[in-house]
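The structure appears below as structure tokens.
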């Protein structure tokens, strides 16, 4: 149903609560400068899907690639490594991969039922 989980990346949450079910995180990285011939720090920011809005700014999290949620959201939260501020027990839990797949399957089934219902209504109107 989904591709196997690719590499996991540690990231720091920059903004949380400004978008529904989405947070902005910073991923550390390095970039080679061929003129100076050395690596420099080159952090990147990405948008990450947070289905239950359980992250807060400052949290250190683990993310992995998931299916595309929107035009610019392609990663999903795997777990919270180190919370910042509010303790983990006081927040909604982070969804596991199995829970995410089950929720996606249920949404697809509901969509198929809605589409089948629309198709039968059109056939009834054509016959009348």
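Helix content alone sets the calculated 222 nm mean residue ellipticity of the chain: runs of n ≥ 4 DSSP H residues at -39500 (n - 2.57) each, divided across all residues, give -9000 deg cm²/dmol.
Each of residue 97 and residue 10 was given a label point 7 Å from its Cα along the Cα-to-Cβ line. The distance between the two points is 2.0 nm. FRET efficiency for the residue 109 to residue 42 pair, using the beta carbon distance and R₀ = 35 Å, is estimated at 0.25. Against the main long axis of the alpha-carbon atoms of the chain, helix 97-127 sits at an angle near 30°. Shape verdict for region 30-128, please, from the Cα gyration tensor: rounded (a/c under 1.5), prolate (a/b greater than b/c) or oblate. Note, shape of region 30-128 comes out oblate.
When the chain is treated as a Gaussian network with alpha carbon springs shorter than 10 Å, the biggest mean-square fluctuation among 35, 75, 49 belongs to 35.
Over region 11-71, all Cα pairs binned in 10 Å intervals from 0 give whole-percent P(r) values of 21, 45, 20, 13, 2, listed from short to long.
Springs between Cα atoms under 10 Å define the GNM used for the chain, and in it the highest mean-square fluctuation of 34, 24, 111 occurs at 34.
Every read-out reported here was derived from the displayed coordinates using simple, explicitly stated rules and does not represent laboratory data. Keep in mind that this is a model prediction, so the values were computed, not measured. Cβ coordinates were reconstructed from backbone atoms using ideal geometry, including for glycine residues, and neighbour counts include every protein chain displayed.
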